[in-house]
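**Student:** Attaching a single structure in structure tokens format; questions to follow.
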Amino acid sequence: MTSLWDTDFVGTPDEGLVEVRPMMLGEGIVKRLSVYRQLLTHLEHRQRPNVYSHELASLAGVTAAQVRRDLMTIGYAGNPRRGYAVAGLVEVIGGYLDSPGGQAVVLVGLGNLGQAILAYFNGRRRGLRIVAAFDRDPAKTDRVIQGCRCYPMEKVEEVVTSTGARVGIIAVPADGAQKVASQLVRAGVRGLLNLSPTRVSLPEYIYVEDLDIAVSLEKIAFFSRQDAVEKEVS
């Protein structure tokens, strides 16, 4: 895969070459590009050679204009007759989202949630790989679980340093989340996916994504009742 940080142009003569300059992408477009790539990968598996902006927009839940703006931002132009080349677009998005040499991730907490993450995630993203897990339960450490070696918490700094991991996943109970987050940051992790049901306090230069499944489900449950409530009111 060609990294866009090492090239001046992307696209093909049919699609239109667009000059690309390295840039920092905002949180919104990074999230949309990740969604686009997931959808495009599904299309690729179905042997779809091309896709139109309105088709991708419908699948992603955005407008066709938004899709076109996002893809122009990363320097990819479609063909008016054939749309976008699916395989080419997957490669170009990967050039922006993925580290050229791949990126190592560590996971803390191998309860039911942590093990489910291991079972689901590995192999689904070429540029990301969970290289190590940690847990305080001696019954889980010094063994391979779901294809990943689990270490005791005392080895966090050693393993993070040796693997070069800069991304961490926290899947521990709320009362242990802050301590784990601080330990990972001291070891060199700079981005965290926090799945614990509490917020963690970290320096501003650490990127943290909080995902509380219970809160999300509660929100969904609330809005799922609104249609019935509105009918009762009317």
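The values are calculated or read from the model by the stated rules, or taken from the named source; none is laboratory data. Since the structure is predicted, the reported quantities are computational estimates derived from the model, not experimental observations. Every residue, glycine as well, gets a Cβ built from its backbone with ideal geometry; the counts of neighbours run over all protein chains shown.
**Student:** What single numbered condition from (1) out of contact with any strand residue (DSSP E or B) (no Cβ under 8 Å at 6 or more places or on another chain); (2) at positive phi fails to hold for GLY164?
**Tutor:** Status for GLY164: all satisfied but (1).
**Student:** Could you count how many residues in the range 99-117 are closer than 21 Å to THR41 by Cα and either among the charged types (D, E, K, R) or in contact with a strand residue (DSSP E or B) (Cβ under 7 Å, 6 or more places away or on another chain) (or both)?
**Tutor:** Let us first name the residues in the range 99-117 that are closer than 21 Å to THR41 by Cα, namely 99-103, 117.
If we keep only those that are either among the charged types (D, E, K, R) or in contact with a strand residue (DSSP E or B) (Cβ under 7 Å, 6 or more places away or on another chain) (or both) as well, we get 102-103, 117.
Of the residues in that region, 3 qualify.
**Student:** Related question: Hey, does the range 137-147 have a residue that's β-branched (Val, Ile, Thr) and in a loop (DSSP other than H, G, I, E, B)?
**Tutor:** Yes: the range 137-147 contains one or more residues that are β-branched (Val, Ile, Thr) and in a loop (DSSP other than H, G, I, E, B).
**Student:** Go through the residues of the range 3-26 one by one and say whether even a single one is at pLDDT 90 or above and over 25 Å from LEU193 (Cβ atoms).
**Tutor:** For the range 3-26, residues at pLDDT 90 or above and over 25 Å from LEU193 (Cβ atoms): absent.
**Student:** Moving on to the next point. It is to be established whether one or more residues within the range 129-140 are outside the structural domain of ILE93 (by TED's automatic domain parsing) and under 24 Å from GLU27 (Cα atoms).
**Tutor:** Yes, the conditions are met somewhere in the range 129-140.
**Student:** Listed residues LEU89, LEU97; which is closer than 22 Å to ARG126 by Cα and either over 16 Å from the mean Cα position of the chain (by Cα) or of a type in the set (Phe, Trp, Tyr) (or both)?
**Tutor:** After ruling out the rest, the residue left standing is LEU89.
**Student:** What's the number of the condition THR163 fails, among (1) of a type in the set (S, T, N, Q); (2) closer than 22 Å to GLY102 by Cβ; (3) exposed (fewer than 15 other Cβ atoms within 10 Å of the Cβ)?
**Tutor:** (3)
**Student:** Only one of these is closer than 25 Å to ILE145 by Cα, touching a Leu at 6+ places or on another chain (Cβ under 9 Å) and at pLDDT 95 or above: LEU71, LEU118, LEU110. Name it.
**Tutor:** Of LEU71, LEU118, LEU110, the one residue that is closer than 25 Å to ILE145 by Cα, touching a Leu at 6+ places or on another chain (Cβ under 9 Å) and at pLDDT 95 or above is LEU110.
**Student:** Now for a different question. Among the candidates ARG143, ARG126, which residue alone is in contact (Cβ under 8 Å) with a residue 24 or more places away in the chain, basic (Lys, Arg) and not assigned by TED's automatic domain parsing to the domain that holds HIS45? Give the steps one after another, and end with the answer.
**Tutor:** Details: ARG143 fails: in contact (Cβ under 8 Å) with a residue 24 or more places away in the chain.
Going through ARG143, ARG126 in turn, the sole match is ARG126.
**Student:** Among the residues of the range 208-228, which ones are under 17 Å from ALA177 (Cβ atoms) and β-branched (Val, Ile, Thr)?
**Tutor:** Hits for the range 208-228 are VAL208, ILE213, VAL215.
**Student:** Quick check on this structure: which one of ASP212, ASP137 is charged (D, E, K, R), modelled with pLDDT under 95, surrounded by 11 or more Cβ atoms within 10 Å (Cβ to Cβ) and more than 14 Å from ALA104 (Cα to Cα)?
**Tutor:** Of ASP212, ASP137, the one residue that is charged (D, E, K, R), modelled with pLDDT under 95, surrounded by 11 or more Cβ atoms within 10 Å (Cβ to Cβ) and more than 14 Å from ALA104 (Cα to Cα) is ASP212.
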